[in-house]
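What follows is a single structure, written as structure tokens, with notes after it.
The values are calculated or read from the model by the stated rules, or taken from the named source; none is laboratory data. All values reported here derive from a predicted model rather than from experimental measurement. A quick note on method: Cβ atoms are made from the backbone with ideal geometry, for glycine too, and the neighbour counts reach across all protein chains shown. With ligands, DNA and RNA removed, areas are computed over all heavy atoms of the protein, side chains included. Shrake-Rupley method; radii C 1.70, N 1.55, O 1.52, S 1.80 Å.
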Amino acid sequence: MSDTDSVAALRGAVEDAARALRDGQPTEPSPGLERPPKPELGDYSSNAAMLLAGLLGDNPRAVAERLREQLEADAELAPDLARIEVAGPGFVNFFLADSWYLRALDGLLEAGDRLGESAAEAPEKVLVEFVSANPTGPIHVGTGRNAAYGDSLARLLQATGHEVEREYYVNDAGSQIGNFADSIAARMRGEEPPEDGYAGEYVGEIAERLQAEGVDPSDRETLEKRGIEEVLKEVKATLERFGVHFDTWFSERSLYAKGEVDEALGELEKRGHTYRHEDALWLRTTDFGDDKDRVLIRSNGEATYLTPDIAYHWDKLQRGFERLIDVLGADHHGYVARVRAAIEALGGDPQRFEALTMSLVHIVEGGERVQMSKRTGDFVTLDELVDDIGADATRWFMLWRSHETTVDLDLELARSQSSENPVYYVQYAHARIASILRKAGEEGEVTAAAVSERAPLEETEKVLVKRLLEFPEEVRSAAARRAPHRVCAYSTAVAADFHAFYRDCQVVGAEGEGVESSRLALCLATKQTIAAALGLLGISAPERM
């Protein structure tokens, strides 16, 4: 079998055998190929016989026996088979020869930088909008989770062949901007911010800088503009140290300046989806599944927050994006139906809009939740957390649980340099392998030595190879399910399998023809896989620890 993806090639052999039993007709759904729960049940197992039984009018075990005969007659597959067994209600269990594992390992090394890449069936042009915090203060840990998740999701989508752009929507219009400017002005005059203003120390810091520039505290327009600039400068610096970049910073004000808000309202009116009631302009979102209609323009002539958001999403579609993914804060549950309704009202496909709502993050120390920040007075900033535990640990603990699950981030665990700390555990495996390879020689020599005939493989070698072969499917699944936490779990499993292999198998200096070279190759493939997995999470893979 020459396919560099050995599992895909094995799956293809099963599908070919199933097709042969049906005179060339494909089986839907396609037969599965899974790792069985116990090693005594084989290396891989297929449910093909159960899928075919009804179609062939025979019992599953009888069909499984016919499949076994068909597979054993496959000249390309036969050299890599130790044996095939039929088990249970009709599972076809594969016991693979060492040659299959060695060839699979060779394929992993050939993949190199392409490890984990896996083309989606229908690649799309995707816009991932995330973070998008109001430009009125520093990024807090909750928004930090949004940043880690959105960035990792974008990386996963790119790894599966999608064309991805990252965008930050700057909410630089609305009452919160005026309140922010009033807060800066109050600090410039030596007064307390207004009741609905911003009271953190950072406001005073901005006020001092603007005062030094000679800005007049009564010049509200300049205070708004300069205040936003100062906050965004800090936000960009925070995100940069967190490993997050954006292709576009989209200004809400630009929607008004370019007339896109009026255009969207005009389009909605032309399509008959707006109406007047009590001097306000309403959108009939109930026609599209919302629980009630929504106000677009209040009776005093002010737009609601929904209005520019409708224009913004319409702008996204006009830019040619085939999928719009919004990563939203925990307080946006009701928002999704409104935007989806608005997109449909404008003639767009609401299925192209996807909203992923993040759950909360709680910082825990000594068993107690940390509530306050010296700088902001009411929340812990992302910078403060990164200063404490580092960007890698911060990203890991933001990502290792589903985005729909609340995270309690334990500072003591995140700081610890022990196997109890999952990010340290995975990074240490990478660093340990780097040390082994340094001891053995240059990595290029290891790759060239790749794999040859050798003494029988140990069970932990086989387990590790099978784990590494799962990587493309894990990436595919994590991207499709919008689930970066799966990559965290996979990385931990790889590290655990490597530590077991290294415990059981001598690497440098191993006796037997080809044993040392194949084990070094396995170390290199593992190192590359861990680095690629951590890269999808935006986490570094250190060479030394």
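Details
- Largest-first principal axis extents of the Cα set of the chain (Å): 84, 57, 39
- Label separation (Ala500 vs Ala237): 4.8 nm, computed from points 7 Å beyond Cα along the C-beta direction.
- Computed FRET value (nearest 0.05) for Glu420 with Glu278, which takes r as the C-beta separation and R₀ as 41 Å: 0.10
- Looking at the range 42-117, the GluC sites (Glu not before Pro) that sit in a DSSP loop and have at most 14 other Cβ atoms within 10 Å of their own Cβ are Glu76.
- Binning the alpha carbon pair distances of the range 487-545 at 10 angstrom intervals from zero yields the distribution 22, 47, 25, 6, expressed in whole percent.
- Along principal axes, Cα extents of the range 420-545, largest first, whole Å: 45, 28, 27
- Amide H contacts for Thr357 (H built 1.01 Å from N in the peptide plane; partners 5 or more residues away or on another chain; cut-off under 5 Å): Leu328.
- Inter-part distance where the range 29-54 and the range 393-434 are each reduced to a Cα centre, Å: 34
- Compactness of the range 91-217 - radius of gyration and Dmax, Cα, Å: 25.7, 80
- For a straight C-alpha distance cut-off of 27 angstrom, the lysines reachable from Lys292 (same-chain residues fewer than eight places away being disregarded) are Lys270, Lys316.
- Among 486-493, 404-411, the peptide with the highest mean count of other Cβ atoms within 10 Å heads the list, and the full ranking is 486-493, 404-411.
- Taking 0.890 mPa s as the viscosity and 25 °C as the temperature, the Stokes-Einstein diffusion coefficient of the range 282-433 based on its alpha-carbon Kirkwood radius rounds to 131 µm²/s.
- For the range 104-130 versus the range 478-545, the gap between their alpha-carbon centres in whole angstrom: 17
- All-pairs alpha carbon distance profile, the range 166-230, 10 Å steps from 0, percent: 24, 56, 17, 3
- Accessible area of the chain belonging to carbon and sulfur atoms, whole % at 1.4 Å probe: 45
- According to the Cα-based calculation, Rg over Rh for the range 194-287 is 1.13, with Rh computed by the Kirkwood formula.
- The range 262-298 and the range 327-341 have Cα centres spaced 17 Å apart.
- Each Lys or Arg adds one and each Asp or Glu takes one away; over the other residues whose Cβ falls under 10 Å from the Cβ of Leu153, this sums to +2.
- Scattering curve values for the range 282-356, log₁₀ I(q)/I(0), Debye with Cα scatterers, q = 0.25, 0.28 Å⁻¹: -1.27, -1.45
- Fully extended contour minus Cα-Cα distance, from Asn59 to Glu121, at 0.36 nm per residue: 19.0 nm
- Stokes-Einstein diffusion of the range 134-280 at 37 °C, 0.692 mPa s viscosity, Kirkwood radius from Cα pairs, rounded to a whole number: 185 µm²/s.
- Kirkwood Rh in Å, taken over the range 1-122 so that all alpha-carbon pairs contribute: 15.0
- Per residue, the chain exposes 44 Å² of solvent-accessible protein surface, assessed with a 1.4 angstrom probe and all protein chains in place.
- Segment Glu85-Glu221, length gained on full extension (0.36 nm per residue, minus Cα span): 41.2 nm
- Computed [θ] at 222 nm, deg cm²/dmol, the chain (DSSP H ≥ 4; -39,500 (n - 2.57); rounded to nearest 500): -15500 deg cm²/dmol
- For the range 270-322, fraction of C-alpha pairs farther apart than 15 Å, in %: 55
- Fraction of the pair-distance distribution of the range 79-150 above 16 Å, Cα-Cα pairs, percent: 75
- Listed peptides 326-336, 461-471 by packing density, highest first (mean Cβ within 10 Å): 461-471, 326-336
- FRET efficiency estimate (nearest 0.05) - Cβ-Cβ, Ser359 to Tyr305, R0 22 angstrom: 0.50
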